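Structure provided below as C-alpha coordinates; questions to follow.
The values are calculated or read from the model by the stated rules, or taken from the named source; none is laboratory data. This one's a predicted model, so the numbers in the text were calculated from it and none came from an experiment. A quick note on method: Cβ atoms are made from the backbone with ideal geometry, for glycine too, and the neighbour counts reach across all protein chains shown.
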Amino acid sequence: MRIRAESLTRIYNMGTSKIIAVDNVNFDVSEEEFTAIVGRSGSGKSTLLNLIGLNDRPSSGKLLINNIDAFGLSNRELRKIRLRRMGFVFQTFNLFPVLSSVENVELPMALAGKSRETQREEAVRLLDAVGLGNRLTHRPKQLSMGEMQRVAIARALANDPEIVIADEPTGELDSKTAKEIIALLSDIHRTEKKTVIVATHDERVVEIVDTVYLIEDGKLTLETRQLQ
(Lines give C-alpha, C1' and ligand atoms only; values in the text may rest on other atoms or scores of the structure.)
Protein backbone atom coordinates (compact mmCIF):
# COMPACT_ATOMS: atom_id res chain seq x y z
CA MET A 1 0.00 0.00 0.00
CA ARG A 2 1.34 3.42 -0.96
CA ILE A 3 0.44 6.38 1.26
CA ARG A 4 0.90 9.96 0.10
CA ALA A 5 0.00 13.21 1.87
CA GLU A 6 -0.45 16.52 0.15
CA SER A 7 -0.59 19.67 2.29
CA LEU A 8 -2.19 17.65 5.09
CA THR A 9 -3.29 19.90 7.97
CA ARG A 10 -5.18 19.28 11.20
CA ILE A 11 -6.32 22.23 13.30
CA TYR A 12 -8.11 21.97 16.64
CA ASN A 13 -10.25 24.83 17.90
CA MET A 14 -9.78 25.38 21.65
CA GLY A 15 -12.15 28.18 22.59
CA THR A 16 -10.82 31.27 20.85
CA SER A 17 -7.46 29.61 20.15
CA LYS A 18 -6.39 27.37 17.31
CA ILE A 19 -3.86 24.56 17.70
CA ILE A 20 -2.18 23.45 14.47
CA ALA A 21 -1.34 19.84 15.33
CA VAL A 22 -0.34 18.85 11.78
CA ASP A 23 0.90 21.73 9.64
CA ASN A 24 0.88 21.46 5.83
CA VAL A 25 2.52 18.03 5.80
CA ASN A 26 3.73 16.30 2.64
CA PHE A 27 5.17 12.80 2.49
CA ASP A 28 5.26 9.70 0.32
CA VAL A 29 5.53 6.17 1.77
CA SER A 30 6.08 3.53 -0.88
CA GLU A 31 4.66 0.02 -0.86
CA GLU A 32 6.55 -2.32 1.49
CA GLU A 33 8.57 0.58 2.93
CA PHE A 34 9.46 0.77 6.64
CA THR A 35 9.09 4.40 7.75
CA ALA A 36 9.64 6.10 11.10
CA ILE A 37 8.08 9.39 12.16
CA VAL A 38 10.26 10.77 14.94
CA GLY A 39 9.44 13.56 17.34
CA ARG A 40 9.06 14.56 20.96
CA SER A 41 5.84 14.25 22.92
CA GLY A 42 3.37 16.84 21.66
CA SER A 43 5.09 17.25 18.31
CA GLY A 44 2.11 15.93 16.34
CA LYS A 45 3.14 12.28 15.84
CA SER A 46 -0.05 10.71 17.14
CA THR A 47 -2.30 13.19 15.33
CA LEU A 48 -0.52 12.44 12.07
CA LEU A 49 -0.84 8.70 12.64
CA ASN A 50 -4.56 9.11 13.33
CA LEU A 51 -4.89 10.83 9.94
CA ILE A 52 -2.83 8.15 8.17
CA GLY A 53 -4.91 5.46 9.87
CA LEU A 54 -8.17 7.18 8.79
CA ASN A 55 -9.27 7.59 12.41
CA ASP A 56 -9.45 11.37 12.01
CA ARG A 57 -10.18 13.76 9.15
CA PRO A 58 -7.88 16.62 8.13
CA SER A 59 -8.87 20.26 8.28
CA SER A 60 -7.41 20.58 4.79
CA GLY A 61 -5.19 18.72 2.35
CA LYS A 62 -5.31 15.19 0.99
CA LEU A 63 -4.29 11.69 2.00
CA LEU A 64 -3.93 9.44 -1.02
CA ILE A 65 -4.04 5.66 -0.67
CA ASN A 66 -2.84 4.02 -3.86
CA ASN A 67 -3.63 7.36 -5.58
CA ILE A 68 -7.21 7.49 -4.26
CA ASP A 69 -8.21 10.45 -2.07
CA ALA A 70 -9.15 8.61 1.13
CA PHE A 71 -11.25 11.38 2.59
CA GLY A 72 -13.37 11.55 -0.53
CA LEU A 73 -14.68 8.11 0.43
CA SER A 74 -17.72 7.39 2.58
CA ASN A 75 -17.42 6.49 6.26
CA ARG A 76 -18.42 2.93 5.38
CA GLU A 77 -15.62 2.67 2.82
CA LEU A 78 -13.11 4.12 5.29
CA ARG A 79 -14.16 1.61 7.93
CA LYS A 80 -13.66 -1.22 5.45
CA ILE A 81 -10.14 0.00 4.65
CA ARG A 82 -9.26 0.28 8.34
CA LEU A 83 -10.59 -3.19 9.09
CA ARG A 84 -9.27 -5.13 6.12
CA ARG A 85 -6.23 -3.27 4.83
CA MET A 86 -4.72 -1.66 7.94
CA GLY A 87 -3.42 -3.05 11.21
CA PHE A 88 -2.87 -0.91 14.29
CA VAL A 89 -0.44 -1.27 17.21
CA PHE A 90 -0.90 1.10 20.15
CA GLN A 91 1.45 2.23 22.91
CA THR A 92 -1.07 1.18 25.57
CA PHE A 93 -1.93 -2.09 23.75
CA ASN A 94 -5.76 -1.53 23.79
CA LEU A 95 -6.49 -5.18 24.52
CA PHE A 96 -9.89 -6.19 25.88
CA PRO A 97 -9.27 -7.27 29.49
CA VAL A 98 -12.08 -9.85 29.57
CA LEU A 99 -10.79 -11.65 26.46
CA SER A 100 -7.94 -14.14 26.25
CA SER A 101 -4.96 -13.61 23.95
CA VAL A 102 -6.47 -15.74 21.23
CA GLU A 103 -9.87 -14.05 21.55
CA ASN A 104 -8.29 -10.59 21.28
CA VAL A 105 -6.58 -11.65 18.06
CA GLU A 106 -9.77 -13.22 16.71
CA LEU A 107 -11.80 -10.03 17.17
CA PRO A 108 -10.79 -8.18 13.96
CA MET A 109 -11.45 -11.34 11.97
CA ALA A 110 -14.90 -11.68 13.54
CA LEU A 111 -15.67 -8.09 12.56
CA ALA A 112 -14.54 -8.93 9.01
CA GLY A 113 -17.00 -11.83 8.89
CA LYS A 114 -14.54 -14.71 8.85
CA SER A 115 -15.67 -18.12 10.06
CA ARG A 116 -15.04 -19.20 13.66
CA GLU A 117 -12.78 -21.98 12.42
CA THR A 118 -10.68 -19.55 10.37
CA GLN A 119 -10.51 -17.07 13.25
CA ARG A 120 -9.16 -19.64 15.70
CA GLU A 121 -6.74 -21.23 13.25
CA GLU A 122 -5.26 -17.88 12.18
CA ALA A 123 -5.15 -16.44 15.70
CA VAL A 124 -3.24 -19.47 16.98
CA ARG A 125 -0.82 -19.22 14.05
CA LEU A 126 -0.18 -15.53 14.62
CA LEU A 127 0.33 -15.88 18.37
CA ASP A 128 2.75 -18.73 17.77
CA ALA A 129 4.58 -16.53 15.23
CA VAL A 130 5.10 -13.77 17.83
CA GLY A 131 6.29 -16.28 20.43
CA LEU A 132 3.10 -16.64 22.46
CA GLY A 133 1.96 -20.12 21.50
CA ASN A 134 1.92 -20.98 25.22
CA ARG A 135 -0.18 -17.94 26.20
CA LEU A 136 -3.30 -18.51 24.12
CA THR A 137 -5.78 -18.61 27.00
CA HIS A 138 -4.14 -15.95 29.17
CA ARG A 139 -5.96 -12.65 29.69
CA PRO A 140 -4.04 -9.35 29.55
CA LYS A 141 -3.66 -9.08 33.34
CA GLN A 142 -1.85 -12.45 33.28
CA LEU A 143 0.69 -11.23 30.72
CA SER A 144 3.79 -9.06 30.97
CA MET A 145 3.78 -5.74 29.13
CA GLY A 146 5.98 -7.19 26.40
CA GLU A 147 3.62 -10.13 25.98
CA MET A 148 0.65 -7.76 25.75
CA GLN A 149 2.40 -5.83 22.98
CA ARG A 150 3.06 -9.10 21.14
CA VAL A 151 -0.65 -9.92 21.35
CA ALA A 152 -1.39 -6.45 20.00
CA ILE A 153 0.99 -7.02 17.08
CA ALA A 154 -0.61 -10.39 16.33
CA ARG A 155 -4.03 -8.70 16.39
CA ALA A 156 -2.78 -6.01 13.99
CA LEU A 157 -1.89 -8.77 11.52
CA ALA A 158 -5.16 -10.66 11.91
CA ASN A 159 -6.76 -9.62 8.61
CA ASP A 160 -3.47 -9.73 6.67
CA PRO A 161 -3.30 -5.93 6.24
CA GLU A 162 -1.20 -4.21 3.61
CA ILE A 163 0.03 -1.65 6.13
CA VAL A 164 0.87 -1.81 9.84
CA ILE A 165 0.70 1.48 11.78
CA ALA A 166 2.37 1.56 15.19
CA ASP A 167 2.14 4.47 17.64
CA GLU A 168 5.04 4.42 20.13
CA PRO A 169 5.06 0.59 20.25
CA THR A 170 8.00 0.55 22.67
CA GLY A 171 6.93 3.50 24.81
CA GLU A 172 5.68 1.42 27.77
CA LEU A 173 8.41 -1.21 27.66
CA ASP A 174 11.73 -1.74 29.38
CA SER A 175 14.88 -1.60 27.26
CA LYS A 176 15.27 -5.37 26.74
CA THR A 177 11.61 -5.90 25.83
CA ALA A 178 11.59 -2.83 23.57
CA LYS A 179 14.54 -4.28 21.66
CA GLU A 180 12.61 -7.54 21.17
CA ILE A 181 9.53 -5.69 19.87
CA ILE A 182 11.65 -3.64 17.46
CA ALA A 183 13.19 -6.85 16.12
CA LEU A 184 9.71 -8.36 15.76
CA LEU A 185 8.44 -5.38 13.74
CA SER A 186 11.53 -5.55 11.54
CA ASP A 187 10.98 -9.25 10.96
CA ILE A 188 7.32 -8.65 10.04
CA HIS A 189 8.33 -5.99 7.53
CA ARG A 190 10.98 -8.19 5.99
CA THR A 191 9.17 -11.54 5.87
CA GLU A 192 5.53 -10.45 5.47
CA LYS A 193 6.33 -7.66 2.96
CA LYS A 194 4.18 -5.13 4.81
CA THR A 195 4.30 -1.37 4.60
CA VAL A 196 5.11 -0.30 8.17
CA ILE A 197 4.82 3.21 9.65
CA VAL A 198 6.03 3.74 13.22
CA ALA A 199 5.73 6.93 15.25
CA THR A 200 8.43 6.92 17.90
CA HIS A 201 11.05 8.76 19.89
CA ASP A 202 13.07 5.54 20.28
CA GLU A 203 16.35 5.87 18.39
CA ARG A 204 16.65 2.08 18.17
CA VAL A 205 13.63 2.02 15.85
CA VAL A 206 15.24 4.65 13.65
CA GLU A 207 18.27 2.41 13.14
CA ILE A 208 16.30 -0.32 11.32
CA VAL A 209 13.92 1.61 9.05
CA ASP A 210 14.20 2.64 5.40
CA THR A 211 13.09 6.26 5.78
CA VAL A 212 12.92 8.74 8.65
CA TYR A 213 10.69 11.80 8.93
CA LEU A 214 11.16 14.33 11.71
CA ILE A 215 8.11 16.14 13.10
CA GLU A 216 8.27 19.26 15.25
CA ASP A 217 5.38 21.60 16.05
CA GLY A 218 3.33 19.77 13.45
CA LYS A 219 5.80 20.34 10.63
CA LEU A 220 7.32 17.30 8.91
CA THR A 221 10.73 17.11 7.28
CA LEU A 222 12.48 14.21 5.59
CA GLU A 223 15.71 13.10 7.23
CA THR A 224 18.24 13.25 4.40
CA ARG A 225 20.27 10.20 5.40
CA GLN A 226 18.83 6.90 4.18
CA LEU A 227 19.08 4.26 6.88
CA GLN A 228 19.82 0.60 6.26
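Starting from the range 175-195, take each residue that is within 12 Å of Gly146 (Cβ to Cβ) and list its partners that are in a helix (DSSP H, G or I) and among the basic types (Lys, Arg), counting only C-beta distances under 6 angstrom and pairs at least six apart or across chains.
From residues that are within 12 Å of Gly146 (Cβ to Cβ), the pairs are Ile182/Arg204.
What's the number of the condition Gly113 fails, among (1) surrounded by fewer than 15 Cβ atoms within 10 Å (Cβ to Cβ); (2) touching a residue at least 24 places away in the same chain (Cβ under 8 Å)?
(2)
Quick test of your reading of the structure: Arg40 fulfils all but one of (1) more than 23 Å from Tyr213 (Cα to Cα); (2) touching a residue at least 24 places away in the same chain (Cβ under 8 Å); (3) among the charged types (D, E, K, R). Name the failing condition by number.
Of (1) more than 23 Å from Tyr213 (Cα to Cα); (2) touching a residue at least 24 places away in the same chain (Cβ under 8 Å); (3) among the charged types (D, E, K, R), only one is false for Arg40: (1).
Does the range 157-172 contain any residue that is of a type outside the set (S, T, N, Q), at pLDDT below 90 and part of a loop (DSSP other than H, G, I, E, B)?
Looking through the range 157-172, at least one residue is of a type outside the set (S, T, N, Q), at pLDDT below 90 and part of a loop (DSSP other than H, G, I, E, B).
Cβ contacts < 8 Å: first residue in contact (Cβ under 8 Å) with a residue 12 or more places away in the chain and more than 20 Å from Leu64 (Cβ to Cβ), restricted to the range 1-23; second residue surrounded by fewer than 17 Cβ atoms within 10 Å (Cβ to Cβ) and polar (S, T, N, Q), any location; separation 6+ or different chain. Result?
Filtered contacts from the range 1-23: Ile11/Ser59.
When you go through (1) crowded, with 16+ Cβ neighbours inside 10 Å; (2) aliphatic (A, V, I, L, M); (3) within 26 Å of Arg2 (Cα to Cα) one by one for Leu143, which number turns out not to apply?
Unmet for Leu143, out of (1) crowded, with 16+ Cβ neighbours inside 10 Å; (2) aliphatic (A, V, I, L, M); (3) within 26 Å of Arg2 (Cα to Cα): (3).
For Leu51, which of the numbered conditions (1) surrounded by fewer than 17 Cβ atoms within 10 Å (Cβ to Cβ); (2) within 17 Å of the chain's Cα centre (by Cα) fails to hold?
Tallying (1) surrounded by fewer than 17 Cβ atoms within 10 Å (Cβ to Cβ); (2) within 17 Å of the chain's Cα centre (by Cα), Leu51 fails exactly one: (1).
For Thr191, all conditions in the list (1) buried (at least 16 other Cβ atoms within 10 Å of the Cβ); (2) more than 15 Å from Met86 (Cβ to Cβ) hold save one; what is the number of the exception?
Exception for Thr191: condition (1).
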